[in-house]
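One structure is given below, encoded as structure tokens.
All of the numbers you see were taken from the coordinates with simple rules; none came from a lab. Remember, it's a predicted structure, so these values are computed and weren't measured experimentally. Here the Cβ positions follow ideal geometry from the backbone for every residue, glycine too, while neighbour counts run over all protein chains shown.
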Amino acid sequence: MTIEVDVHELVLTGVEAPDPAALGAAVSAALARLVAERGLPQAAPVPGPLPARPGADLPAALAEAIWAQLGRSA
């Protein structure tokens, strides 16, 4: 199975993001881990802003948000 995710725009408010390439690689790795562990979600929440927990691991939080949206129909 191959899943390709293309993020056109990512808006991070109140978060200091690392180098974009490093962030992308970390999110890709976290997302691959989620899909391997959980498979694809059955349904996704309505899209919209997602509040981050203080001290949350940014790549893991982004991967969780992307993973949840994989359950949405195209």
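Beta carbons within 10 angstrom, averaged per residue: use that to sort the peptides 18-24, 29-35, 58-64, highest first.
Averaged packing, sorted descending, gives the order 58-64, 29-35, 18-24.
What is the extension gain from R38 to A21, computed as 0.36 nm multiplied by their sequence separation minus the C-alpha to C-alpha distance, in nm to one decimal?
Length gained, R38 through A21: 3.6 nm.
Each label point is 7 Å from the Cα along the Cα-to-Cβ direction; what then is the distance between the points at A29 and D57, in nm?
Computed distance between label sites A29 and D57 equals 1.0 nm.
Calculate the spin-label point distance for L10 paired with A68, positioning each point 7 Å from the Cα along the beta-carbon direction, and give it in nanometres.
1.7 nm
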